[in-house]
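Notes follow once the structure below has been shown.
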Amino acid sequence: MLIELENVGYSYGGGELLSDVSVSLAPGSFHFLTGPSGAGKTTLLKLCYGALLPTAGRVQVFDRDMGALDRDDLAMLRRRVGVVHQDCRFLDHLPLSENIALPLVVSGRGQRAEDDNLKELMSWVGLSSRAEALPPELSGGERQRAALARAVIMSPDVVLADEPTGNVDWDMSQRLLHLLVELNRMGKTVLIATHDLSLIRAAKSQVQARVLRISNKGLQLAGADL
Amino acid sequence: MSNGTIRGLLLSDKQADRVVPPTGFTAQLTVFVAGAMAFMAVFALALSLASGRLADRWSQELAKAATLRINAPAEQRAAQTETALKLLRQTPGVAKARALSPEEQAALLSPWFGPDLPIDALPVPQLVEVTAGEPGYDIAGLRLRLSAEVPGAVLDDHTRWREPLVDAANGLRRLGLIAILLIGGATAAMITLAANAALAANAQVIEVLRLVGAKDGYIAGAFVRRFTLRTLIGAAVGVVFGMIGVMLLPAASDEGGFLTGLGFRGIGWGLPLLIPVLGAGVAFAATWAAARRRLKELS
């Protein structure tokens, strides 16, 4: 399994947000994580890339216990997990192309050596003409597509997306979904956290997806009621 | 920290340096503080070296010299002087003994009585300059023999006023060195503050870098390089101005005494050049420590 949560619990500020959550993400699988706002979707994603550590249970990513990693090991692991953050998290003083290439730069692979890949990736997300734009100049859809491009530039094994269609219109959300489905067809494991059930319904015709729902602090497999 | 880590932190990485946005105010502050501290360090170093030279010179020159004063009636003075000189020449450890001529004695008194002093008409004691050899002579034994054979002779080995002078010069040297240490400490404190301010201002940048897989060393390196370079440049400018200031001080002269000897001599002129290197080292260590501490707090 690429990511495995075993009886994971997470408490914050004296309250329990997640309890006894167990789930495994197999290579090449596609998952939706849904639930009402504040249910703990973002928290669960953060547990998967080590931004948070569980207060109970164990999280294993690539067979490594996240609780046992030192800071450098965690940095190395994050290079294999692409994350699309809800608020995109760009560096506003750098042009878009450099923001997208940031994982390459920090890993020491350099941007120039990967220029061809970068151009191809920017073309794939439809942002070739916006390479020199600064993040504050981008629309919501452009930001989300750029965040997706940055998440996959290191060719990660897993892509985690937190509300990737939260700030875009229907057409753009379909375009983003299509990009994520394409990634899955390339063999990437995809986990999308969303409260948008229409997105999940739209995906059913394109990909074999497992839908996980956070309810009452636990995680359940959602059925045909979606 | 290994040599590889230090090299990695210092080697230029333009892409990494671009990742952290420029911080105008802290940059100017760091350069200014480094320059001002280096400027003061040059003077503290000059003071320390000059006092050291003075202490050594006084210590060496005066340690070997003594003065024999023969207070005798005018008619006995020449005989007692001759006896004293004979006794001194026979004393083991005395390298040289010489009676000062009337002209030399008049010259010694001229600062107080003027150049035309009729020294023969005054009851001025005869002075004998005694120079010790290696090893020196037994002062207590010499005094005993002089008191027995030359009743009017008083031996002054300068200890009474030599020691306080040498102590004062050594004290100045210590103060200069303490000032240099304090300047180094103050520089480290200021750079730590500036680095902390820069790290706090860039907390979001650091968080993004961590999320995309940057190691702490990579992030810290961007800050360490920046602050080390700024300190090096600021300190180099401060040292140049400090050295110009020292060069413009009056040259050493006997008339000017200690104040005109404040400066560098020979290889000493090379010592201020170490200040920017040491300053950069201080900045490197201070920024590295601040960055590591701050990074652990941030994510």
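Some points to look at:
- Every pair of different Cα atoms in segment A:99-200 enters the Kirkwood calculation, which places the hydrodynamic radius at 14.1 Å.
- Sorted largest first, the principal axis extents computed over the alpha-carbon atoms of segment B:54-121 equal 37, 33, 15 Å.
- Separation in nanometres of the label points that stand 7 Å from Cα toward Cβ, at B:ASP116 and B:GLU82: 3.4
- Amide H contacts of B:LYS96 (H built 1.01 Å from N, under 5 Å, at least 5 apart or other chain): B:THR131
- Peptide-level mean, for A:98-107, of C-beta atoms on other protein chains within 10 Å: 5
- Selected from A:LYS188, A:LYS41, A:LYS119 as most flexible by GNM, with chain A as the system and alpha-carbon contacts under 10 Å: A:LYS119
- Between B:VAL277 and B:ARG69, the contour length at 0.36 nm per residue exceeds the Cα-Cα span by 69.4 nm.
- Length gained on full extension, B:LEU182 to B:GLN90, computed as 0.36 nm times the residue gap minus the Cα-Cα distance: 27.8 nm.
- Translational diffusion of chain B, estimated by Stokes-Einstein from the Kirkwood radius over alpha carbon pairs at 25 °C in a medium of 0.890 mPa s, is 101 µm² per second.
- At 0.692 mPa s and 37 °C, Stokes diffusion of segment A:90-150 via Kirkwood alpha-carbon radius, µm² per second: 291
- Which listed pairs, of A:LYS119/A:LYS204; B:LYS14/B:LYS215; A:LYS217/B:LYS296; A:LYS188/B:LYS296, have C-alpha distances above 25 Å, in listed order: A:LYS119/A:LYS204; A:LYS217/B:LYS296; A:LYS188/B:LYS296
- Label separation (B:GLU149 vs A:ARG109): 9.7 nm, computed from points 7 Å beyond Cα along the C-beta direction.
- The amide H of A:ALA161, built 1.01 Å from its N in the peptide plane, has A:VAL84, A:LEU191, A:ILE192, A:ALA193 as neighbours under 5 Å, considering only residues 5 or more places off or on other chains.
- Amide H contacts under 5 Å for A:LEU212, placed H, 5+ residues apart: A:PHE32, A:LEU33, A:THR34, A:ALA222
- Here segment B:44-200 is treated as a sphere whose radius is the Kirkwood value from Cα pairs; by Stokes-Einstein at 4 °C and 1.567 mPa s it diffuses with a coefficient of 68 µm²/s.
- Shown for chain B are the DSSP H helices of 20 Å or more along their axis, judged by Cα atoms, with a mean Kyte-Doolittle hydropathy of at least -0.5: B:24-64, B:159-201, B:216-247, B:274-298.
- Scattering profile of chain A at q = 0.16 Å⁻¹ [log10 I(q)/I(0), Debye over alpha-carbon scatterers]: -1.13
- Within straight-line reach of B:LYS64, meaning a Cα separation under 28 Å, sit the following lysines at least 8 residues removed in sequence or on another chain: B:LYS86, B:LYS96.
- If the segment from B:ARG162 to B:ASP138 were pulled out straight at 0.36 nm per residue, it would be longer than the present Cα-Cα gap by 6.8 nm.
- For the protein assembly as shown, the alpha-carbon coordinates run over 136, 46, 35 Å along the three principal axes, in decreasing order.
- Distance between the pseudo-spin-label points of A:ASN216 and B:ALA200 (7 Å out from Cα toward the beta carbon): 4.7 nm.
- Charge dipole of chain B (Cα centre as origin; +1 on each Lys and Arg Cβ, -1 on each Asp and Glu Cβ, all else neutral): 1780 debye, rounded to the nearest 20.
- For segment B:145-250, Kirkwood radius (reciprocal of mean inverse C-alpha pair distance, Å): 19.5
- Computed across segment A:46-174, the Kirkwood hydrodynamic radius from all distinct Cα-Cα pairs reaches 15.5 Å.
Values in this text are rule-based calculations from the coordinates and carry no lab data. Since the model is a prediction, treat every value here as computed from it, not as a measurement. All Cβ positions, glycine included, derive from the backbone under ideal geometry; neighbour counts span all protein chains shown.
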